[in-house]
Each structure stands twice: as C-alpha cells, then as structure tokens.
C-alpha cells in the first residue's frame, strides 16, 4: 500500500504545481492580452485539442484497454514501438496538411486570415505533442509516477519560465506565446523520448527476438481506438465548442469568448481532483478488474469523488471573487459569474469518467462514444438556442445540461453492462449545493469581511472532511487486499 500512497503524493504534487502555474499565468495573460486577443489564443488552443485527436488515432484510449492484455516484455516492446512508428508517420502527413491549409484554417477558427502564420507553429506543436502525450500515457499505464510527473511538469514549467521572461522583457504577444509554446513542446518531447528510450532498452535486454512492428497488433489497437475518436471528438465538442459558437453567435463575438474562457478556466481548478483519480486509480483499476473486490473498489472511489469533488468545487466557487481580485485583470472580472458553470461541468465529467470504468473493463468503447455523441448534439442545439439570447450564460447552461445527460445515460447503461451498484442519488445533493452557491455572485456584492468568513468555513469543513476520511479509510485496505490477490 505504501507504493500507492507515494503515487498519490507524486501525482498530487505534480498536478498541484500545474494548477499553481495556471493561476500565476492568468494575471500575465489578462494583463498583456485584451479579451479579444485571449479569445484568439483560446480558439487556437481549442483547435489544437481537436486536431490532436487525429494525430493520436485513438491509441491513447486503446492503450488503456490493451496495455495489460499480455504482461510480457516482448508484448510491451512491440506494442510501444508499433504505436510510435504509426503516429510519427501519420503526424508528419497531418502537419504538412495544416501548413498547406493554414489560411483556410485561420478563417474558420477565428473568422479572419490575419493569424494564418500562427498555424505554422501549430503544425509543429501538434507533432511534438503527440509524441510527448503518448509517452505520458505509457508512463501512466506502467504506474511510473515519478517519471510521469517529471516529464509532465517539464513542459509546463519551461513554458511558464519562458512566458515570464517574455513578459519582463516586454516582448509578450500572441506570436510570442506560440513561438515559446513550440520551443516548450519540442524540448519536452525530446525529454519524453529520452525517458521512453531507457524503458525500451530495459525491455530489449529481457528479450531475444525484438519485433519492432506488428501489423496485427496495430490493427487491433486501431479497431478500438478509431471508434473512440468520434467519441473523444464529441467530448471536445462538449467541452469547448461553446467558444467557437460564441465567436459566431454572440453579439460580442471574440470579447465574449475571452470572458467565458477565463471564467471557465478558473472553474477547471476542480480538474485537479479529476486528474488524481484518473492517474492514480484508473491504471490500477484496469489491472485488478478481474478480482473479486474490484466492483467494491469502483464504488468506493465513486463515493469518495462525489463527496470530495463536491467539497473542492464548493470552495472554488466560494473563493472565485478572491481569485479574480488577486490573479485576474479588472477587464475580465465579469467572468466571475461563469466560474460555477466550469466547476459543475467538470464535476459531472469526473463522475462520468468513473462510471466509464465499466465499459473499459468490458471493452465497450461504443457505449462511451454514443453517450458523448448525444451530449455533444444536445450541447450544440442548446448553444444555438441560448447563446443568441443569453450570451455567455446560455453557453454555460448548455454545458451543464449536456454533461448531465451523458452522466445519466451512461449510468443506466453501465449498470446493465457491468453492475457496480453506484448510488446515483448521492450526486444530487452536491449538485444542488454547487448550483445554489454558484448564483451568489449574481446577487451579492463582494465585501472584505466575506473572505474571513469563507476561510473560517474552509477550516471547519476541512476538519470534518479529515475526520470522515480517517473514519472511512477502508479504501486503502481494499486496494491493499485487491493488490495481494
């Protein structure tokens, strides 16, 4: 059990560092960039997220289900080398296409051709990112938490340092951001390849016949992964399509995109907990899915996330006025009312991910894709209806309703596919509390004394949460027991 405590500490420290970097960068971005410029940055980053799905070819999701299909060095060596041969070759082709259609892409993404030159940097960023991201997925599946955090944080820390230097030197601009991003991603990819190389060397020392490519294995991975691409694409539509739709449907266009993106970004602080669950528990869950206590373990993690995710989300929303006053430029303060949309949407997404363990166990990728597809369609329809009338608030409501749909839909299907016995009613109370606290900024003007009241409340809740966690520490015992089977 000691190793899992260490992994939790590693991932917690690593993800906490990333969230701190995010918060510290927000004042830099909001100081040097007007909301319209931040919207350009946001829309391009959203495009990178969409395009990376094609670059990865679904291998990340397939790796999650197939990495432990065989537990031999021969299998892992061939699996990893085959994946990298395919994604590097395919990545070169896609990057060339982006360069060739850079003007058209700029027009579609930003409604202007003025930023077509940035797409050159984007093509390079995407190529490096697929290499970097695949290495991280492999490290996570191998439960090498130290290496994962070192490699994962290298890119973020380097990018942060370079941006701060640019800000101090008064060289901060959109072009500078993407040039520095290219440098950061490139060096991070080199570091990742170096770490992966040492792992492959250890595998190679244990085998005699080194097979670097297996067509049959790649075919199997693609059969699973390509099905997941539409689902993952739909998930991105769920998460970020509102930025594009605000660009075209909102009366304030890119200005609204900038405001909405900042508010939603602060709400995404809750993804700190989502990441810990995904990185620490999910690889373990897949490795022990066939033991007798697996379902009980899934249920306990679900219950723990519902409680502690709700608490974290509550305090992110509660302290959002303070976060904006400390970290965000005044021109973005309207976005404080958007934070709770980001919190609730990402809270529901964390619940959705835990429920999906049932489908990964049964290798039912289509179920995940179907739910997300339905959610994406609902999100688009609601955005078309709500954004012209309610602007950024309509986009936020559409996001929550769409995420709510996929949670309910997959909960019903998962309990039929691989019944765990999740308590769906336990989600309702935290959801209502988050929604109620989220509307407070609409009616209550901030006063300094409120901060002291919030800090006192945080201390009280933290104390009782610690007591609860200590009293219900059966999960650690359960993980230990499952590990020994």
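Every number in this text was worked out from the coordinates using simple rules, so none of it is lab data. All values derive from a computational prediction rather than experimental measurement. We place every Cβ from the backbone using ideal geometry, glycine too, and count neighbours over all the protein chains shown.
If you average the sequence gap of Cα pairs under 8 Å that are 6 or more apart and divide by the length of the chain, what percent do you get for the contact order?
On the way: 590 pairs, mean separation 103.7, N = 485.
Averaging sequence separation for qualifying contacts and normalising by length gives 21 percent for the chain.
For each of 219, 295, count neighbouring Cβ atoms within 10 Å of the residue's Cβ, then give the residues from fewest to most. Walk me through the intermediate numbers first.
Working: 219 9, 295 18.
Ascending number of Cβ neighbours within 10 Å: 219, 295.
Assuming R0 = 41 Å, what is the FRET efficiency of residue 226 and residue 323, from their Cβ-Cβ distance, to the nearest 0.05?
Rounded to the nearest 0.05, the efficiency is 0.55.
Run lengths n ≥ 4 of DSSP H only: what is the helix-derived mean residue ellipticity at 222 nm for the chain, with -39500 (n - 2.57) per run over all residues, to the nearest 500? Please list the in-between numbers first.
Numbers: 22 runs with 399 residues, N = 485.
That comes out to -28000 deg cm²/dmol.
Starting with the fewest neighbours, write out 338, 207, 455 ranked by other beta-carbon atoms found within 10 Å of each beta-carbon.
Working: 338 25, 207 15, 455 12.
Starting with the residue having the fewest Cβ neighbours, the order is 455, 207, 338.
For segment 151-249, what's the relative contact order in percent, using C-alpha pairs closer than 8 Å and at least 6 residues apart? The partial results should precede the final answer.
Values: 20 pairs, mean separation 23.9, N = 99.
After rounding, I find 24 percent.
Starting from the Cα gyration tensor of segment 241-485, take the square roots of the eigenvalues, sort them a ≥ b ≥ c, and report rounded, prolate or oblate (rounded when a/c is under 1.5, otherwise prolate if a/b is larger than b/c, else oblate).
On the way: a/c = 2.56, a/b = 1.35, b/c = 1.90.
It comes out oblate by the Cα gyration axes.
Sorted from fewest to most neighbouring beta carbons within 10 Å, what does the list 265, 325 look like?
Working: 265 21, 325 14.
Taking fewest neighbouring Cβ atoms as first place, the list is 325, 265.
Taking 7 Å along the Cα-to-C-beta vector as the label spot, tell me the residue 397-residue 170 distance in nanometres, rounded to one decimal.
So the label points at residue 397 and residue 170 sit 4.6 nm apart.
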